[in-house]
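Remarks on the structure that follows.
The values are calculated or read from the model by the stated rules, or taken from the named source; none is laboratory data. If you're wondering where the values come from, they're calculated on a predicted model, not measured in any experiment. Quick reminder, even Gly has a Cβ in these numbers, built from the backbone with ideal geometry, and neighbours come from all protein chains shown.
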Amino acid sequence: MLRTVCFLVILSCIGSCSDSTTVTTPTTEADTTTARDTTVSTYSEVHRPQLHFSPKAHWMNDPNGMVYFNDQYHLFFQYYPDSTVWGPMHWGHAISKDLVHWEETAVALYPDSLGYIFSGSTVVDVNNSTGFGKGGKPPLVAIFTHHDPAGEKAGSSTYQNQSLAYSTDEGRSWTKYSANPVLRSPNIKDFRDPKVMWYEKDKKWIMTLATTDRISFYSSPDLKSWSKQSEFGKTVGAHGGVWECPDLFTLEHEGKKIWVLLVSINPGGPNKGSATQYFTGSFDGKVFTPFQTDTRWIDWGTDNYAGVTFFNTGERKIFMGWMSNWLYGTSVPTEKWRSAMTVPRDLALQKIDGKYMLTSNPAPELNALVLSESNTTLTGIDGANFNLTKKTGGLDGPARLELTAAKAQSFTVTLSNSKKEALIVGYDQKQNQYYIDRSKAGKVDFVPVFAEVQTAPRIGRNDSLNITFVIDDASIEVFADGGLTTMTAIFFPNEKFSDIQIASPDKLQIGRLQFNRYKSIWKQ
């Protein structure tokens, strides 16, 4: 979680904020209709994502505390309800039954006398190891970083500590543990973002914690008392900035359990600013041993940061990230709100040249949003200069474009509007890399780096191409070669993009091209 604290923010509210909140829901048909109409109106604003979660108003950054419980997905997130720029952090809260339609509820956790509520995780304490459960029902337990701004301003090195809150009503209200914090900083300034999992073999909880330039692992029988197990990462991976927002989990590959460690870093990303790297390896309950020491990125674009997976989804690992970058996140040209989350993504592994590589692809739940009447499937196209708008009617809201070709050749997909603004996504065969060029995509001058071209290597080893583009009003997510190379970028055209053009200097022979429009997640 962040990075740079603004001490000009008024701090007097910290001690008086509520420790728990209760969500109220409409009780009459009229109330429900009014709430729905208000939501649709709110989410019709300029640059509003129609496929991605964004808060109704104000500032949002890291997803945290994501958990699946009793058939509902809970998305918590770093939130400042009093401004569209970063301030005293709260935990915002949204709930979904299907991973695509989200209901934003009341703020879950407020700052208090111990500090702001920074990033963390939420678990289902099935065995009631904490004793917080009631009536035989397991509690939800949030583990988060308390960030003391006064301590930081005074020059202390112990201003970040780990604390607990719990819910016995499925996340609708929260009570902070009276003995917080449960893990105090050992004189480390950047000591934050606990991601907790259950380690079944040893019947204990494992906390994966970001500690300056490395990861520290702790264990606990009850989420209250913690013992340090080991450290990882001081001399491996990318170190252009502070390590933060880690995640540790397993994925199955050909019957073998592989451990995956995600680590976000800011700055130091492959295209500047924020990004998330990953490692594969083994974990014995104490020590993470990597299979590789090189740097690998879960997403090469500039706008997928601090992503983690949902707790309690079994073998399936569902990932979401903050769709922005600390280089310009507080400056993007939106008025009432700032930032959105990526679409949910399913993570998996491929083995290439003896190395385990992480893949990510759009969660299949997005298919329920496809407007069947918009389906356009074309085969055997000469992509030297192909106007897809004439075949499909062009863009009118969020869409998905899938492209396959037997041979990887240079090509571009261009989204444009009547103002001659354009976003260009393509593949350069000579450089063997994908790229996103938003230099002429509308508003780009709010920070100099925003207009720079982003690149990503092609990791696939066969000759064919297969790419999926998920397009929203102000973002594009690119999933290439089965999700081995992923890029995410936001953009802000002065008029919505409506036209799609495909071009190739090599006359790319497109085997299959499929275009679908998505229904907005905010319109029922």
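Considering only residues of the stretch 485-519 that are outside any strand (DSSP E or B) and crowded, with 20+ Cβ neighbours inside 10 Å, which is modelled with the lowest pLDDT? Out of the qualifying residues, it is Leu508.
The residue list Arg458, Arg438 contains one member that is surrounded by 14 or more Cβ atoms within 10 Å (Cβ to Cβ), within 16 Å of Trp300 (Cβ to Cβ), in contact with a Ser or Thr (Cβ under 9 Å, 6 or more places away or on another chain) and not β-branched (Val, Ile, Thr), which is Arg458.
For the stretch 258-304, give me each residue that is among the polar types (S, T, N, Q) and assigned to a loop (DSSP other than H, G, I, E, B).
The answer is Asn271, Ser274, Gln292, Thr293, Thr295, Thr302, Asn304.
Please enumerate the residues belonging to the stretch 210-223 that are among the aliphatic types (A, V, I, L, M) and assigned to a strand (DSSP E or B). Those that are among the aliphatic types (A, V, I, L, M) and assigned to a strand (DSSP E or B): Ala210, Ile215. Looking at Lys420, Lys440, Lys407, just one residue is on the phi > 0 side of the Ramachandran plot and charged (D, E, K, R), and that residue is Lys420.
When the stretch 354-388 is limited to residues that are among the aliphatic types (A, V, I, L, M) and within 15 Å of Phe479 (Cβ to Cβ), the one that is surrounded by the fewest Cβ atoms within 10 Å (Cβ to Cβ) turns out to be Ala363.
Filtering Val242, Val260, Val308 for residues that are under 21 Å from Gly329 (Cβ atoms) and buried (at least 21 other Cβ atoms within 10 Å of the Cβ) leaves a single hit, Val308.
Taking the stated definitions as given, is Val287 β-branched (Val, Ile, Thr) and either modelled with pLDDT under 95 or buried (at least 21 other Cβ atoms within 10 Å of the Cβ) (or both)?
So Val287 fails the test.
Of everything in the stretch 95-120, what is of a type in the set (Gly, Ala, Ser) and surrounded by 22 or more Cβ atoms within 10 Å (Cβ to Cβ)? Give them in sequence order. If the condition is that a residue be of a type in the set (Gly, Ala, Ser) and surrounded by 22 or more Cβ atoms within 10 Å (Cβ to Cβ), then Ala108, Gly115, Ser119, Gly120 are the ones that fit. For the stretch 239-257, the criterion of being touching a strand residue (DSSP E or B) at 6+ places or on another chain (Cβ under 6 Å) and outside any strand (DSSP E or B) is satisfied by at least one residue. Taken over the stretch 174-187, the criterion of being surrounded by fewer than 17 Cβ atoms within 10 Å (Cβ to Cβ) and either under 27 Å from the mean Cα position of the chain (by Cα) or of a type outside the set (S, T, N, Q) (or both) is satisfied by Thr175, Ala179, Arg184, Pro186.
Can you tell me which of Ile471, Ile459 is part of a loop (DSSP other than H, G, I, E, B) and among the aliphatic types (A, V, I, L, M)?
Ile459
Give the stretch 62-110 a look and list any residue that's at positive phi and not in a strand (DSSP E or B), or say none. Of everything in the stretch 62-110, those that are at positive phi and not in a strand (DSSP E or B) turn out to be Asn70, Asp71, Leu99. Of all the strands (runs of 3 or more DSSP E) wholly in the stretch 132-209, which have at least 1 residues that are within 28 Å of Glu104 (Cα to Cα) and acidic (Asp, Glu)? By residue number, 191-199. Using the structure shown, decide if Phe450 is surrounded by 20 or more Cβ atoms within 10 Å (Cβ to Cβ), of a type outside the set (S, T, N, Q) and closer than 16 Å to Ala275 by Cβ. Considered against the rule, which asks whether it is surrounded by 20 or more Cβ atoms within 10 Å (Cβ to Cβ), of a type outside the set (S, T, N, Q) and closer than 16 Å to Ala275 by Cβ, Phe450 comes out as yes.
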